[in-house]
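> Sharing a structure, written as structure tokens. Questions coming.
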Amino acid sequence: MSALADQHRPQRRDESADSSHGRVGILGGTFDPIHYGHLVIAQEAAARLRLDRVLFIPSGHPPHKLGETVTPGAVRARMVELAIQDNARFALAELELTRPGPSYTVDTLHTLRTSQYMNSAWFMIIGGDMLADLPQWRDPQGIIRQLDGIAAMYRPGYAISPEQIAKLDQQLPGLGEILFPIESPQLAVSATLLRERAACGLPLRYLTPDPVVEYILAQGLYQSGVAR
């Protein structure tokens, strides 16, 4: 199945209608902080699906983290901005940070489809392990209807089986038609790891871009009593 993304591409909308943003990927997350793991899968999805743009969308109020302390949105957005500044294909979208209430993907897609990207073909980038949770998301069928593809990124040696895809397609009809399992390099790095290392005064270099490291240190992020 990993070759699927190279063999087929969805044709549900006219991709030539907006030549500047013809094929747009979206990668959402708390990004607290952003790290090379996020950047690697974004770059791999962009290459494999021939995306013209990848939007990084920091969550405003992640539904699965309600009640938890999360670094202020403006700070997380700035770290994303610093991390992607040297890649012209990457862009920051702050719409979830300016919208009140929990951040639901189905609402974000609706907003994007009525923005300057309204004529684009849409591809959501998620970790392969998140696929099993997709039926529990807010209005998953509404998400599928608004997408031209879902790039499910999995690490080498851990492919998404045809049986798993068939089961999910039974739960969410239409998912199989737009699913692109993509084998991608995976780094053993997480936002939790970076926060813990920052709190202990351990180096963050080579785990996230240098401008992000410098910003974390300058702002005193993830130290005791600061941000988390």
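> Does the stretch 159-171 include one or more residues that are outside any strand (DSSP E or B), within 20 Å of G22 (Cβ to Cβ) and either in contact with a Gly (Cβ under 6 Å, 6 or more places away or on another chain) or not aliphatic (A, V, I, L, M) (or both)?
no
> Given L194, L131, which one is in contact with a strand residue (DSSP E or B) (Cβ under 8 Å, 6 or more places away or on another chain) and modelled with pLDDT of 95 or more?
Exactly one residue qualifies, and that residue is L194.
> On the given criteria, is I125 over 29 Å from N87 (Cβ atoms) and of a type in the set (V, I, T)?
no
> Same structure again: Quick one: H61 ticks every box in (1) buried (at least 21 other Cβ atoms within 10 Å of the Cβ); (2) assigned to a loop (DSSP other than H, G, I, E, B) bar one, so which box is it?
(1)
> Any chance the stretch 107-115 includes a residue that's within 19 Å of D210 (Cα to Cα), charged (D, E, K, R) and in contact (Cβ under 8 Å) with a residue 12 or more places away in the chain?
There is no residue in the stretch 107-115 that is within 19 Å of D210 (Cα to Cα), charged (D, E, K, R) and in contact (Cβ under 8 Å) with a residue 12 or more places away in the chain.
> Looking at this structure, is I34 more than 19 Å from R113 (Cβ to Cβ) and either out of contact with any Phe, Trp or Tyr (no Cβ under 9 Å at 6 or more places or on another chain) or modelled with pLDDT of 95 or more (or both)?
yes
A quick yes/no check of all residues on (1) part of a helix (DSSP H, G or I); (2) out of contact with any helix residue (DSSP H, G or I) (no Cβ under 9 Å at 6 or more places or on another chain); (3) at pLDDT below 90; (4) hydroxyl-bearing (S, T, Y):
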position	(1), (2), (3), (4)
V75	yes, no, no, no
M79	yes, no, no, no
A83	yes, no, no, no
A88	no, yes, no, no
Y117	no, no, yes, yes
W122	no, no, no, no
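> Of the residues that make up the stretch 127-134, is at least one assigned to a strand (DSSP E or B), over 18 Å from P102 (Cβ atoms) and hydrophobic (A, V, I, L, M, F, W, C)?
no
> Please indicate, with yes or no, whether at least one residue in the stretch 128-137 is surrounded by 20 or more Cβ atoms within 10 Å (Cβ to Cβ), within 17 Å of the chain's Cα centre (by Cα) and under 30 Å from I216 (Cα atoms).
Yes, the stretch 128-137 has at least one match.
> Considering only the stretch 94-112, I want to know if a residue exists there that is among the basic types (K, R), part of a loop (DSSP other than H, G, I, E, B) and surrounded by fewer than 17 Cβ atoms within 10 Å (Cβ to Cβ).
Checked against the condition, which is being among the basic types (K, R), part of a loop (DSSP other than H, G, I, E, B) and surrounded by fewer than 17 Cβ atoms within 10 Å (Cβ to Cβ), the stretch 94-112 yields at least one hit.
The values are calculated or read from the model by the stated rules, or taken from the named source; none is laboratory data. What you see is a predicted model; the values in this text were computed from it and never measured. Heads up, the Cβs are rebuilt from the backbone with ideal geometry, glycines too, and the neighbour counts pull from every protein chain shown.
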